[in-house]
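The values are calculated or read from the model by the stated rules, or taken from the named source; none is laboratory data. It should be emphasised that the depicted structure is a prediction, and the values quoted were computed from it without experimental measurement. What goes into the accessible areas is simple: the full protein's heavy atoms, side chains included, and nothing from ligands, DNA or RNA. Shrake-Rupley method; radii C 1.70, N 1.55, O 1.52, S 1.80 Å.
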Amino acid sequence: MPHLSLNSPIGRLTIFEENGFITGLIWGGKAAEPGDATPLLRRAKREIGAYFAGKRHDFDLPIKPSGKPSEIRVWQAMAGIPYGETRTYGDIAKAVGVNARAVGRACSRNPIPILLPCHRVVGAHGLGGFSAPGGSDWKGKLLVLERALLL
């Protein structure tokens, strides 16, 4: 599967493409083989770099996450959270007809973090968890970058 790694303020990220769609983004990962970087992956790298530089507030990439129907509904709802804003697990749960724990599970299984902004989903009384190696600390840093959270 074509993939491309990039360095970011939250560590190395690796983006995956399948059939013309971004299907995954993981923390870490191995460098791509020469020629593995497709035009879409190079575009994704540029857009993610611009996001971390504070120059891009949304992404214009074709994505196709793979998951259960209930997870896909949660991911679609979180994709609608604007840059610089947050929603609670309860807000998302109410919007898609599941409970808040199911929203938390879907966030933890998000195959394309950052592009599907699970970091914008927070607890009613705190940040909640995050799948990055830095956990909720990195979630907070992404929200500070977006000025959704001021420390």
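Normalised by 2.2 N^0.38 Å, where N is the number of residues, the alpha-carbon radius of gyration of the chain equals 1.00. Among the protein heavy atoms of the chain, carbon and sulfur supply 53% of the accessible surface, probe 1.4 Å, non-protein parts ignored.
Considering only alpha-carbon pairs that sit under 8 angstrom and 6 or more positions apart, the relative contact order computed for segment 47-118 is 31 percent. Partners of LYS55 within straight-line reach, counting aspartates and glutamates whose Cα lies under 12 Å from its Cα and excluding those fewer than 8 residues away in the same chain: GLU47, GLU146.
For the chain, a Gaussian network of Cα nodes joined below 10 Å ranks PHE59, PHE130, PHE16 by mean-square fluctuation, and the top entry is PHE59.
Per residue, the accessible area of the chain comes to 52 Å², computed with a 1.4 Å probe over protein heavy atoms only.
Please give every one of the lysines within straight-line cross-link reach of LYS94, meaning a C-alpha to C-alpha distance under 27 Å, and leave out same-chain neighbours fewer than 8 residues apart. Straight-line reach from LYS94, under 27 Å: LYS64, LYS68, LYS139, LYS141. Quick check: from the Cα gyration tensor, does segment 50-95 come out rounded (a/c under 1.5), prolate or oblate? Note, shape of segment 50-95 comes out oblate.
Using a ≥ b ≥ c from the Cα gyration tensor of segment 74-115 (square roots of the eigenvalues), is it rounded, prolate or oblate, where a/c under 1.5 gives rounded and otherwise the larger of a/b and b/c decides, a/b for prolate? Oblate, because a/c is 1.5 or more while a/b does not exceed b/c.
One Cα centroid belongs to segment 97-148, the other to segment 46-63; the line between them spans 18 Å. Working note: 222 nm ellipticity from helices only, DSSP H runs with n ≥ 4, each -39,500 (n - 2.57), summed and divided by the residues of the chain, gives -10000 deg cm²/dmol to the nearest 500. Within the straight-line cut-off of under 16 Å between alpha carbons, the lysines reachable from LYS30 are LYS45, sequence neighbours fewer than 8 places apart in one chain being disregarded.
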